[in-house]
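For reference, the structure is listed below as C-alpha cells.
The values are calculated or read from the model by the stated rules, or taken from the named source; none is laboratory data. Given the structure is predicted, the values throughout are model-derived calculations rather than measurements. Here the Cβ positions follow ideal geometry from the backbone for every residue, glycine too, while neighbour counts run over all protein chains shown. Just the protein is used for accessible areas: all its heavy atoms, side chains included, with ligands, DNA and RNA removed. Shrake-Rupley method; radii C 1.70, N 1.55, O 1.52, S 1.80 Å.
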Amino acid sequence: MKVKNLFVALLAVAAVSSCTSGKPGKTVFNNKVDSVSYAIGMARSNGFLPYLYNQMNVDSAYFNDFLRGFYEGASKSDDKALIAYMAGLQIGQSEVGNMCVNISSQLFGEDSNLSMNVSNYLNGFIDGTNEDTKIMDRAEAENVADRLFEEIRSENMELQYGALRDAGVEFLANKAKEDGVVATGSGLLYKVIKQGKGKKPASNSQVKVKYKGSLIDGTVFDESSEPITLSVGGVIAGWTEALQLMNEGSKWELYIPYELGYGERGAGEKIKPFSALVFEVELVSIL
C-alpha cells in the first residue's frame, strides 16, 4: 500500500470499528451516484489524520470523540443553533490555541514562558464583536494595541537577547581590527580567502555558491555539500552586498551584523534574534 493511502485506510478502519452506531446511514452501492459519492468522500480524507492531529490539535486517544462530533454535525447540517455553536467552538479554540500562542510568541519571544492574559483577550474580542465600547472603542483599542505591543516586545527582546546582540557587536568590533578584514559602509566585514578572476554578479544575477554558516561561537547552523543555485537579490542583505563585490571564483569569509542577517526575529532554532553571523562563501559561477 502506498504511504499516501495509508491514512485513508486508517481513517476508514477507525470509523468502522470504533463508532459505527453514529454513522448517518448504511453504505450502499445501488448506482453510479452512490459509488461516486463514497469515492469522493474517501478521496477527500487523504492526509486528513495528520491535519486533525497536528493542525487541529486533536489527541489521537480521543478519536471517537471527534467521530461523535463529526457525525452529529453532519446529521444536523441544517440546525442553525448547532451551526452557530460549532462556529463558536471552532473559532474559540483557534483564538486560544493558535492566535494567543502566536501573539504571545511575538510579544515575549519564542524562548519565554510568558503569555497573554487569555481572559482579557477573549473579553476584548467579545466586546468588540458586540460593539460594546464601555471600556474602550475600537480606534482606542487599535492605538493601545499597537503602542503597547511594540513597548512590551522591545522590553522582552532586550531582556532575552540583549546580551546576544552585545556579544555580536563586540565580536564584529574585534574582527574589524584583524589583518585582512575589510569593512564596508553598511557594517559588513569580509576577508578574502581566495581571489577569483571572473566577473562580478549583479543584484538580479543567478549564481552557484558553496557556503558554511556559523554563529559567532563557532556553531555551524547550515552548510552546502554541493554548489547551490540562488538569486543574488533573494538572500539576506549581507550576502546580497558581498556577492556583488566578489569576482567569480572567489572565496570569502563574511562577518555579518544582525541588521544585515536575520534581524530581530532570527531564523529557526539556532539563529536567535540579534545574531551576528559568520559565513564562508565561495562564488563558484554566475549563470
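Full extension of the chain segment joining ASP222 with ARG265 gains 13.7 nm, where the gain is 0.36 nm per residue of separation less the Cα-Cα distance. At the residue level, THR129 shows approximately 90 square angstrom of accessible surface with a 1.4 angstrom probe and all protein chains present. Among ASN30, ASN57, ASN156, the residue with the largest mean-square fluctuation in a Gaussian network model of the chain, with springs joining Cα atoms closer than 10 Å, is ASN30.
For the chain, set up a GNM with springs between Cα atoms under 10 Å and report which of VAL209, VAL235, VAL101 has the largest fluctuation. Answer for the Gaussian network model of the chain: VAL235. Extending 7 Å from the Cα toward the beta-carbon at both SER186 and ASN143 defines two label points whose distance is 3.8 nm. Evaluated with a Cβ-only charge set (Lys, Arg +1; Asp, Glu -1), the stretch 139-287 carries a dipole of roughly 960 debye about its Cα centre, given to the nearest 20. Rounded to the nearest 500, the 222 nm mean residue ellipticity of the chain from helices alone is -14500 deg cm²/dmol, with -39,500 (n - 2.57) taken per DSSP H run of at least 4 residues. Sequentially through the stretch 147-152, phi angles give Karplus couplings (6.51, -1.76, 1.60; θ = phi - 60°) of 5, 6, 4, 5, 5, 5 Hz, Gly and Pro residues having no value and appearing as x.
Counted by Cβ distance under 10 Å from LYS210, the other residues give a net charge of -1, where Lys and Arg count +1 and Asp and Glu count -1. Think of each Lys and Arg Cβ as +1 and each Asp and Glu Cβ as -1; about the Cα centre, that makes the dipole of the chain roughly 1560 debye. For the chain, with all protein chains in place and a probe radius of 1.4 Å, 53% of the accessible heavy-atom surface sits on carbon or sulfur.
Under 5 Å from the amide H of ASP222 lie the amide H atoms of GLY213, each residue being 5 or more positions distant or on a separate chain, with H modelled from the backbone and absent for Pro and chain starts. Surface exposure of the chain, expressed per residue as accessible area with a 1.4 Å probe, stands at 64 Å². Simple spin-label estimate for LEU287 and LEU159 gives 4.6 nm between the two label positions (7 Å along the Cα-to-Cβ direction from each Cα). Scalar couplings 3J(HN,Hα) for the stretch 170-186, obtained by applying the Karplus form with A = 6.51, B = -1.76, C = 1.60 to θ = phi - 60°, are 5, 4, 5, 5, 5, 5, 5, 7, 6, 4, x, 8, 10, 10, 9, x, 7 Hz; x denotes Gly and Pro. Around the Cα centre of the stretch 111-163, unit charges on the Cβ atoms of Lys, Arg, Asp and Glu (plus for the first two, minus for the last two) sum to a dipole of about 120 debye. A Gaussian network model of the chain, with springs between Cα atoms under 10 Å, assigns the largest mean-square fluctuation among PRO50, PRO273, PRO227 to PRO50.
Estimate the FRET efficiency between LEU82 and SER35 by the formula 1/(1 + (r/R0)^6), using the beta-carbon distance for r and 30 Å for R0, to the nearest 0.05.
After rounding, the FRET efficiency stands at 0.50.
Taking a ≥ b ≥ c as the square roots of the Cα gyration tensor eigenvalues, the chain comes out oblate, since a/c reaches at least 1.5 and a/b does not exceed b/c.
Remark: spin-label model distance MET116-ASP65 equals 2.4 nm, labels positioned 7 Å along the Cα→Cβ axis.
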